[in-house]
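S.K.: Below is a structure I'd like to ask you about.
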Amino acid sequence: MKELAMLCCLTAVAAAQEFEVASIHRAVDDGSVRVDGDKGYYRLHNYTVKMLIGMGWGVNARDVIGGPAWIGSDRWDITAKMPAEYATRPREQFVNPQDPFLKKMIQTLLADRFRLVIHREAREVSGLALVVAKNGPKMTAAAMPEEDDRLQGGNSYLKATNFTMKLLAQILSGRGTPVVDKTGLTGGYDFELSWAPPNDTSGEKSSLSTAVEEQLGLKLETAKIPIEAVVVGGAEKPDEN
């Protein structure tokens, strides 16, 4: 009986490794990117293959290297039927990009429908190192270090509570250029950071790099950043259906 129970369990896990069926169509690029799911269906709108690779392998799309040019330009709408065991999940869990089975299903979809061939490879890319500026950090040690980190803000303002420098580097990386923490600072900090929004030519606020130095006592320096890149060896456009 134990062997049968184990076999059933393994079968259920294996079933969750791929979508039951998926419909793929070229997207009309309306400038928005969306992911959603309900009633057993998973929907992606306006995604490039590079973005899908980022989801499936848990990397930033900019760390996807090689392959035909269209994997970074052509956009796709995908509606996929989830395995039965996903149908009753809460929406938050249903579309969680960190779900290992969801990642595997995206990997399988890319291999089956886009004929994707990839491998991992250690590389160095141009980026920025976050270091302590000449006069030292200006941030305050977290008032409540036992609490979880919190972040508020928008495209030109951040208010962080109990934030490590590693987390700050990750947030700064999300703005286009990879950033690695080289401050040597440990523990969490409370701080606010405000800078000029994109395309602001008023001169009323500093650029992001200047604001980091003036307001936080840190500095962004040009550096080579080690990454584990996903290298695309081949891909084909799918049949639409």
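The values are calculated or read from the model by the stated rules, or taken from the named source; none is laboratory data. Please read all numbers here as calculations on a predicted model, not as lab measurements. Cβ coordinates were reconstructed from backbone atoms using ideal geometry, including for glycine residues, and neighbour counts include every protein chain displayed. Just the protein is used for accessible areas: all its heavy atoms, side chains included, with ligands, DNA and RNA removed. Shrake-Rupley method; radii C 1.70, N 1.55, O 1.52, S 1.80 Å.
S.K.: I'd like the projected area of the chain, averaged over all directions, using the convex hull of its alpha carbons. Report it in nm² with one decimal.
M.R.: Seen from a random direction, the Cα hull of the chain projects 17.5 nm² on average.
S.K.: Just to confirm the filter: which GluC sites (Glu not before Pro) across region 172-241 are DSSP coil and have at most 15 other Cβ within 10 angstrom of their Cβ?
M.R.: 204, 236, 240
S.K.: Can I ask one more? Show me the ranking of peptides 55-64, 135-144, 27-36 by mean Cβ neighbours inside 10 Å, starting with the highest.
M.R.: Order by mean packing, descending: 55-64, 135-144, 27-36.
S.K.: Hey, quick one: spin label on residue 108, modelled 7 Å out along Cα-Cβ, who in region 16-31 has an amide N within reach, i.e. under 19 Å?
M.R.: 16-24
S.K.: Same structure again: Could you order peptides 109-122, 159-172 by the average number of other Cβ atoms within 10 Å of their residues, highest first?
M.R.: Numbers: 109-122: 15.8, 159-172: 18.9.
Descending mean neighbour count gives 159-172, 109-122.
S.K.: Within the set of other residues whose C-beta is less than 10 Å from the C-beta of residue 26, count the net charge using Lys and Arg as +1 and Asp and Glu as -1.
M.R.: Counting the neighbours of residue 26, the net charge comes to -2.
S.K.: Of 239, 149, 190, which has the most accessible area and how do the rest follow, probe 1.4 Å?
M.R.: The residues order as 239, 149, 190, largest area first.
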